[in-house]
Amino acid sequence: MKKYTKKICLIGPEGVGKTSLIRRYVDNKFDDKYISTIGVSLSNKLIKVPDSYDIELILWDLEGFTSKGLHFPTTYLSGASGFVFTCDINNEDSFRSTQKICSELYTKFEDKACFSVALNKTDLLQEEESHQLKKAREIFKDTPPIDFIPTSAKQDNKVGELFSHLSKYLVDYDIPNFRF
Ligand SMILES: Nc1nc2c(ncn2[C@@H]2O[C@H](COP(=O)(O)OP(=O)(O)O)[C@@H](O)[C@H]2O)c(=O)[nH]1
Ligand SMILES: [Mg+2]
């Protein structure tokens, strides 16, 4: 059985739910309390695709960025094959600020890594989901992801799909580990 190991980094502003998405995915737990991530926290998850391959994900939960930019050295992104740019689906400013960071990194990882956009907190939607998705597509048009996935870490909506689809893509297209 073939075994892959892939590093995936979650990047987004503070408070959009990066830590919660990982916690839901890895431990199937959710907490309403907000404890902000300092630096980085690592988790592992093994996915077994029957009769096909195993893939071990190393999930890097990175400190959220603020208007001052990234709060960690870009060397933390080294060796990643995938990124999950995470936004709050109810907050267009989070789409814009995340896309800005994405475009700063994009020239370095384009063709060498791939990424998804998670639009989290769908349980708090006030607009139509399709309306918010359309806005996100427009804002990310110059840095197109493989997917836009509306998620809720709280209600466990599409969290598994987010990570499993990205991982399948990394394996199917044999995305290497790239270095900054
Ligand atoms: N309603 C709702 N709250 C969420 C969701 N995901 C995270 N939160 C809450 O948002 C806050 C920030 O979450 P956290 O995962 O720490 O965000 P991070 O800074 O991006 O890591 C916490 O109070 C979480 O409980 C979600 O899907 N729905
Ligand atoms: Mg966090």
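Laboratory data are not the source of any read-out in this text; all were calculated from the coordinates shown. Keep in mind the model is a prediction, meaning the values are calculated, not measured. With ideal geometry, Cβ positions are generated from the backbone for all residues, glycine too; neighbour counts draw on all protein chains shown.
Provide the packing ranking of 58-66, 13-21, i.e. peptides ordered by the mean count of other C-beta atoms within 10 Å per residue, highest first. Write down the numbers at each step before the final one.
Values: 58-66: 19.3, 13-21: 22.3.
For the peptides 58-66, 13-21, the packing ranking is 13-21, 58-66.
For Lys168, the aspartates and glutamates whose Cα comes closer than 13 Å to its Cα, not counting residues fewer than 8 places off in the same chain, are Asp54, Glu56, Asp147. Ordering 110-121, 144-155 by mean Cβ neighbour count within 10 Å, with the highest value first, yields 110-121, 144-155. From its DSSP helices (H runs of at least four residues, each -39,500 (n - 2.57)), the chain gives a residue-normalised ellipticity at 222 nm of -9500 deg cm²/dmol. With N as its number of residues, the chain has a Cα radius of gyration that, divided by 2.2 N^0.38 Å, comes to 0.96.
Among the listed pairs Lys18/Lys158; Lys18/Lys48; Lys68/Lys100; Lys33/Lys68; Lys68/Lys135, which are separated by more than 18 Å between their Cα atoms? Provide the component values of the computation, followed by the final result.
Values: Lys18/Lys158 14 Å; Lys18/Lys48 23 Å; Lys68/Lys100 12 Å; Lys33/Lys68 25 Å; Lys68/Lys135 24 Å.
Checking Cα-Cα distances, Lys18/Lys48; Lys33/Lys68; Lys68/Lys135 exceed 18 Å.
The listed peptides 128-136, 84-92, ordered by packing as a protection proxy, come out as 84-92, 128-136 (highest mean of other Cβ atoms within 10 Å first). In plain terms, the chain from Arg96 to Arg137 could stretch by 13.7 nm, reckoned as 0.36 nm per residue minus the Cα-Cα distance. The chymotrypsin sites (Phe, Trp or Tyr not before Pro) of region 2-37 that meet both conditions, a loop assignment by DSSP and at most 16 other Cβ atoms within 10 Å of the site Cβ, are Phe30, Tyr34. Look at the alpha carbon pairs under 8 Å that are at least 6 residues apart: their mean separation over the length of the chain gives a relative contact order of 27 percent. Scattering from the C-alpha atoms of region 1-53 alone, worked out with Debye: what is log10 I(q)/I(0) at q = 0.12, 0.13, 0.14, 0.21 1/Å? Scattering profile of region 1-53, log10 relative to I(0): -0.37, -0.42, -0.48, -0.87.
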